[in-house]
Amino acid sequence: MRQALLLALLSLTAWADAHLFVYHRFGDEKHASTNISLDILKKQFDYFKNNNYEVVSLAKLNKALKSRQNIPDNWVVLCIDDAYKSFYENGLELFKEYKFPFVLFVYIEAADKGYHDFMNWKQIRETEKYGEIALHSYGHKHMVSLSTEAVNNDTKKAFASFEKNLGYKPKYYAYPYGEFDENVKKEISSYGFELILNQNVGAVSKKSPPDDLDRIALTGDVNLKHKLRIKYLEALWHSPKSYPNNGKLNDIHVTIPTSSKKAELYISGGKWEPITLKDGVFKSDKTYLLKLKRTRVIIKSGNAFTSKIIVKK
């Protein structure tokens, strides 16, 4: 009996993953594709509160990752991208009411130039009383399409403005549109950010690389229970590294240290298909005609996900 209980506890520990969720606009029906209504947001907050989820700061998660601690399965981190004015005017009050921490990733050019739909620096500094502030690039460009020099210039400019307006250096960075490749990742990482966040399906465990943390977008009335069941799948992506020039993907090679022999593969625009892992390796030379310029290659084993995004330049 004691051995069975120990195995159960070890199993729970092995599957202990936090969830990072990202929002954009709040109560802004004019932009439905990136909006969440305040009624739905309140339902989500009630679900966290009533089902023993702990909404923690990104700083708390960062501390746990640095010390390689097991990540509690009930941890949730709430991110807001772009710093739209609708967060300040509509969403912030709910975060304050529930006393939920958050991290706001600022689109710097919009704050610098006072774009109408975005928060200004005064509002960002006021918001800082209730959550963390982080970096979301300067010009919010499709970074994969930029030259190395342009990626570097954008980041340097964003970093300088952030420090000038807030008085400290940013610790965290989120890729615009969640898009990056090896070159973009290398340039962004060179600025010493403690955490870099993507926008891929997945969760965060103590094995998650700090420069590639998965976040799931919450837009509209999503199935939150389903999102919270998603787990982290440790994987090493050998290929693809980039979008194929001819639009035909014929090289997928992933190492997944798992005892499972069965998994599933999904490529944007297609359907889930069963795949076989041989000694923890999936390798395929099957040709997939890519239908979208922004393509996700996703592998799941049970509820555990790993994914790669490739973007046509």
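The values are calculated or read from the model by the stated rules, or taken from the named source; none is laboratory data. Quick caveat, the model's predicted, so the values are computed rather than measured. Glycine also receives a Cβ, built like all others from the backbone with ideal geometry; neighbour counts cover every protein chain displayed.
Here is a yes/no grid of residues against (1) charged (D, E, K, R); (2) closer than 23 Å to Ser33 by Cα; (3) touching a Phe, Trp or Tyr at 6+ places or on another chain (Cβ under 7 Å):
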residue	(1), (2), (3)
Val144	no, yes, yes
Asn153	no, no, no
Phe159	no, no, yes
Gly178	no, yes, no
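I'm trying to understand the selection: among the residues of segment 182-193, which are touching a residue at least 60 places away in the same chain (Cβ under 8 Å) and crowded, with 17+ Cβ neighbours inside 10 Å? Matches in segment 182-193: none. For segment 213-222, state whether one or more residues are touching a residue at least 24 places away in the same chain (Cβ under 8 Å) and in contact with an Asp or Glu (Cβ under 7 Å, 6 or more places away or on another chain). No, segment 213-222 has no match at all. Would it be correct to say that Tyr98 is of a type in the set (Ser, Thr, Tyr) and farther than 24 Å from Tyr177 by Cβ? Yes. The set of residues in segment 49-60 that are within 14 Å of Leu224 (Cα to Cα) and in contact (Cβ under 8 Å) with a residue 40 or more places away in the chain comprises Lys49, Tyr53.
Residues in segment 87-108 that are within 19 Å of Ile40 (Cα to Cα) and within 21 Å of the chain's Cα centre (by Cα): Phe87, Gly91, Leu92, Phe95, Phe100, Pro101, Phe102. Evaluation of Glu187 against the conditions (1) out of contact with any strand residue (DSSP E or B) (no Cβ under 7 Å at 6 or more places or on another chain); (2) among the charged types (D, E, K, R); (3) within 19 Å of Phe102 (Cα to Cα) shows that the sole unmet condition is (3).
Within the option set Lys291, Lys261, Lys241, Lys278, being touching a residue at least 24 places away in the same chain (Cβ under 8 Å), among the charged types (D, E, K, R) and not assigned by TED's automatic domain parsing to the domain that holds Val184 holds for one residue only, Lys241. So, of the residues in segment 125-152 that are surrounded by 20 or more Cβ atoms within 10 Å (Cβ to Cβ) and free of Cβ contacts under 8 Å to residues at least 60 places away in the same chain, which turns out to be farthest from the chain's Cα centre (by Cα)? That would be Thr127. For segment 167-181, the tally of residues that are touching a helix residue (DSSP H, G or I) at 6+ places or on another chain (Cβ under 7 Å) and surrounded by fewer than 16 Cβ atoms within 10 Å (Cβ to Cβ) stands at 1. Just one residue in the set Glu182, Glu187, Glu163 is under 30 Å from Asp112 (Cα atoms), modelled with pLDDT under 95 and acidic (Asp, Glu); that residue is Glu182.
Taking the listed residues Lys171, Lys141, Lys157, the one that is in contact with an Asp or Glu (Cβ under 6 Å, 6 or more places away or on another chain), modelled with pLDDT of 95 or more and of a type in the set (Lys, Arg) is Lys171, with no other qualifying.
Listed by position, the strands (runs of 3 or more DSSP E) inside segment 203-313 whose residues that are touching a helix residue (DSSP H, G or I) at 6+ places or on another chain (Cβ under 7 Å) and crowded, with 19+ Cβ neighbours inside 10 Å number at least 2 are 304-311.
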